[in-house]
Amino acid sequence: MIAVVSAISGIALGWLGRARTVKEEVAKEAEAGATLQTDVEYIKRGVDDIKVDLRMQGQRVDGLSERVTRVEESTKQAHKRLDKLEEK
């Protein structure tokens, strides 16, 4: 009788210990998953910020390109006027 009770209590304690270990493992995996999700979200926000900065830089380059074109045209006209003055 004692052997049977001991065997049953051993099985029960082993089962409870295993159940607790499984719960702890699930909790650790959930925590790791949440941390990973948070890190991915942080990276995603960083990429979005970089995209916005890149668009702004592109707009600035386009603006500067237009200004350089205008300056070149103005310089060309100024040279033509100077050439005319030199001819007189």
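The values are calculated or read from the model by the stated rules, or taken from the named source; none is laboratory data. Source: prediction; values computed, not measured. Glycine gets a Cβ as well: all are built from the backbone with ideal geometry, and neighbour counts include every protein chain shown. SASA here: full protein model, heavy atoms, side chains in, ligands and nucleic acids out. Shrake-Rupley method; radii C 1.70, N 1.55, O 1.52, S 1.80 Å.
Computed with every protein chain present, the accessible area of Val4 is close to 80 Å² [probe 1.4 Å]. Relative to the dominant Cα principal axis of the chain, helix 2-87 is inclined by about 0°. Using a 1.4 Å probe on the protein heavy atoms only, what accessible surface does Leu82 show? Give it in Å² to the nearest 10. The value for Leu82 is about 100 Å². Ordering Trp15, Gly58, Ala34 by Cα displacement along the dipole of the chain toward the positive end leaves Gly58 in first place; charges were set at the Cβ atoms of Lys, Arg (+1) and Asp, Glu (-1). Excluding ligands, DNA and RNA, the accessible surface per residue across the chain is 96 Å² with a 1.4 Å probe.
Under the classification rounded if a/c is under 1.5, otherwise prolate if a/b is larger than b/c and oblate if not, where does the chain fall, given a ≥ b ≥ c as square roots of the Cα gyration tensor eigenvalues? It comes out prolate by the Cα gyration axes. Under the convention that each Lys and Arg Cβ holds +1 and each Asp and Glu Cβ holds -1, the size of the dipole of the chain around its Cα centre is about 200 debye.
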